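Structure record follows, encoded as structure tokens.
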Amino acid sequence: MQETGRSLRVLITEREIQQRVRELAEAIDRDYPEGILYLVGVLKGAAIFLADLVRAVRRPVRLDFIGISSYGAAKTSSGEVRLTKDLDVSIAGAHVLVVEDIVDTGLTLRYLLRLLSSRQPRSLRVVALLDKRERRVCEVPVDYVGFVIPDQFVVGYGLDYAEDYRGLRDICVLE
Ligand code: IMP
């Protein structure tokens, strides 16, 4: 596949993603007790995953979004994390499930979990569609993982490279 001059190789197909999203939703439905559950999507990459996940879970949920600066136009982590959009609501006393597209070094998630846990949620967990485990520089808990992938830069299904490729239906390696 070819787009904006770079070559893309399909790593995870749309069909595989949809199947896995259904399985994650089933696990979430099983695990969570009664009470308000906020799905907190991390902008922008997790928007598409969140849209599919929220329609796959059966228990009632509420949505909110948080914005974190990530790599910008570079493919490697600067290690710098910045809040670009805060939640709209208080999460005190609520079950909170952070919805991430990918956990790479873990720096973004560590920042996010520290921030959210300071707001006294009833519980705080993470679902990440992709886990590039071998790149981790700090240990962060990821409660639900869609796919563990190798150390390759991927795009599609919400993930970008310099804001391109988010609309691809498959997850592809950018080569
Ligand atoms: P971390 O802080 O290194 O764990 O990086 C997390 C963020 O970096 C993700 O939410 C993505 O926005 C971005 N990222 C990491 N790896 C990739 C990738 O392979 N493709 C696209 N974005 C990535």
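Scaling against 2.2 N^0.38 Å puts the C-alpha radius of gyration of the chain at 1.00. Less than 5 angstrom separates the built amide H of Leu43 from those of Ile66, Gly67, Ile68, all sequence-distant by 5 or more or on a different chain.
Taking Cβ atoms as reference points and 15 Å as the exclusive limit, the residues near Ser118 contribute a net charge of +3, counting Lys and Arg as +1 and Asp and Glu as -1.
Quick one: divide the alpha-carbon radius of gyration of segment 85-156 by 2.2 N^0.38 Å and tell me what you get. Ratio of Rg to 2.2 N^0.38 Å for segment 85-156: 1.15. Placing unit charges on the Cβ atoms of the charged side chains and taking the dipole of the chain about its Cα centre, the candidate lying farthest along the positive direction among Leu50, Ile12, Tyr165 is Leu50. According to the calculation over all Cα-Cα pairs in segment 120-159, the P(r) per 10 Å bin from zero is 24, 51, 21, 4 %. The Cα atoms of segment 2-44 define a convex hull whose projected area, averaged across directions, is 4.8 nm².
Laboratory data are not the source of any read-out in this text; all were calculated from the coordinates shown. In this text the structure is predicted, and so the values were computed from the model without any measurement. Every residue, glycine as well, gets a Cβ built from its backbone with ideal geometry; the counts of neighbours run over all protein chains shown.
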